[in-house]
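The block underneath contains the structure these notes are about, expressed in structure tokens.
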Amino acid sequence: MARMRLDKLLSMLAVCPRSGVQALLRAGRVQVDGVAARNTGMAVDPEKSAVTLDGQALVWKAQRTVMLNKPRGVLTAARDPKQPTVMDLLPPLYRAMNCMPAGRLDKDTEGLLILTTDGQLAHRLISPRKEVGKLYEATVDGPLDEKDVSAFAAGLQIDDADGAFRARPAALRILSSAPEESTAQVRVAEGKYHQVRRMFAARGRTVTALRRLAIGSLRLDAALAPGEWRELTKEEERLLEEPAAQPDGTPAGE
Ligand code: URA
């Protein structure tokens, strides 16, 4: 990566807005390669210069992968002229590094979304041929029973205004069932347009709330409220590299 101005680097690393950098430097809180930085326009190499704030290293990483608890009402898109997107929830560093959503959730779906600068990882998570299973929790507007479980397991025939296809076998686990409303977990091995909503629609049910809980073996961190995010740990990055799932998307070995 090319050298850049120190104030740009500090604002990209979300230390503070560019306008606040001068005050940090004046207070002697930023060091570059062991020497207190004085000049906001100083050229630094993000990958090679050792930049510290109050003695703490500001780490530059070549690749960054984030888990976001996507809230309802936000678009999965890099940018949109009118509506808020998932990129608006992250500091500017991530856009500058070309961090992109790996897959998409509908505007009204919440839950686990991975955003990454790593094109190979994104491809692996999205590619229909890799079959990375996705686990959702759905609330629907009527009862569910064992016939629904069998129909999901057999592979539903979808035929609606958005097209026709035979869904791959999916694992449906009913959590609660009542005449007015039911909840269930469903693990799918593919990610067609409105996949889960269309699968329930094929069984005569409307999804009223949908949340993604896991991608492959990687689970959404329960400590993240909707709209919150964090970078993946090394262990979580490894989970995303695990071998292909079983036909219904269950991670290998489960
Ligand atoms: N299936 C859907 O219908 N919507 C989503 O956002 C994800 C899966």
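I'm trying to understand the selection: among the residues of the stretch 91-126, which are away from the ligand (no atom under 16 Å from the Cβ), of a type outside the set (Lys, Arg) and modelled with pLDDT under 90?
Within the stretch 91-126, the first condition is being away from the ligand (no atom under 16 Å from the Cβ), and the residues that meet it are 91-100, 116-124.
Applying the additional criterion that residues be of a type outside the set (Lys, Arg) yields 91-94, 96-100, 116-123.
Within the stretch 91-126, 91, 92, 93, 94, 96, 97, 98 qualify.
Do you know which residues across the stretch 41-75 are under 22 Å from residue 234 (Cβ atoms), touching a strand residue (DSSP E or B) at 6+ places or on another chain (Cβ under 9 Å), open to solvent by 30 Å² or more (accessible area, probe 1.4 Å) and of a type outside the set (A, V, I, L, M, F, W, C)?
61, 63
If I filter the stretch 61-69 for residues that are within 31 Å of the chain's Cα centre (by Cα), in a loop (DSSP other than H, G, I, E, B) and of a type in the set (Lys, Arg), do I get at least one hit?
Of all residues in the stretch 61-69, those within 31 Å of the chain's Cα centre (by Cα) come to 61-69.
Now narrow it down to the ones that are in a loop (DSSP other than H, G, I, E, B): 61-64.
Adding the requirement that they be of a type in the set (Lys, Arg) leaves 61, 64.
Yes, some residue in the stretch 61-69 is within 31 Å of the chain's Cα centre (by Cα), in a loop (DSSP other than H, G, I, E, B) and of a type in the set (Lys, Arg).
Residue-by-condition table, conditions (1) open to solvent by less than 30 Å² (accessible area, probe 1.4 Å); (2) of a type in the set (Ser, Thr, Tyr); (3) not in a loop (DSSP other than H, G, I, E, B):
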{"position": "80", "(1), (2), (3)": "no, no, no"}
{"position": "83", "(1), (2), (3)": "no, no, no"}
{"position": "87", "(1), (2), (3)": "yes, no, yes"}
{"position": "95", "(1), (2), (3)": "no, no, yes"}
{"position": "98", "(1), (2), (3)": "no, no, no"}
{"position": "104", "(1), (2), (3)": "no, no, no"}
{"position": "112", "(1), (2), (3)": "yes, no, yes"}
{"position": "115", "(1), (2), (3)": "yes, no, yes"}
{"position": "122", "(1), (2), (3)": "yes, no, yes"}
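If residue 142 satisfies every condition in (1) part of a loop (DSSP other than H, G, I, E, B); (2) outside the structural domain of residue 74 (by TED's automatic domain parsing); (3) open to solvent by 20 Å² or more (accessible area, probe 1.4 Å) but one, which is the exception?
Evaluating residue 142 over (1) part of a loop (DSSP other than H, G, I, E, B); (2) outside the structural domain of residue 74 (by TED's automatic domain parsing); (3) open to solvent by 20 Å² or more (accessible area, probe 1.4 Å) leaves (3) as the failure.
Go through the stretch 22-40 and count every residue that is in a loop (DSSP other than H, G, I, E, B) and under 13 Å from residue 11 (Cβ atoms). First the steps, then the outcome.
Going residue by residue through the stretch 22-40, those that are in a loop (DSSP other than H, G, I, E, B) are 27-29, 33-34, 37-40.
Narrowing further to those that are under 13 Å from residue 11 (Cβ atoms): 40.
Selection size over the stretch 22-40: 1.
Of the residues 51, 74, 86, which single one is more than 16 Å from the ligand (Cβ to nearest atom) and touching a Leu at 6+ places or on another chain (Cβ under 9 Å)? Walk me through how you get there before you give the answer.
On the way: 74 fails: more than 16 Å from the ligand (Cβ to nearest atom); 86 fails: more than 16 Å from the ligand (Cβ to nearest atom).
51 is the lone residue from the list that is more than 16 Å from the ligand (Cβ to nearest atom) and touching a Leu at 6+ places or on another chain (Cβ under 9 Å).
Scan the stretch 177-218 for residues that are open to solvent by 70 Å² or more (accessible area, probe 1.4 Å) and more than 16 Å from the ligand (Cβ to nearest atom) and jot them down.
Matches in the stretch 177-218: 179, 180, 181.
The values are calculated or read from the model by the stated rules, or taken from the named source; none is laboratory data. Keep in mind the model is a prediction, meaning the values are calculated, not measured. FYI the Cβ positions are ideal-geometry reconstructions off the backbone, even for glycines, and counts take in every protein chain you see. Surface areas here come from the heavy atoms of the whole protein model, side chains and all, with no ligands, DNA or RNA. Shrake-Rupley method; radii C 1.70, N 1.55, O 1.52, S 1.80 Å.
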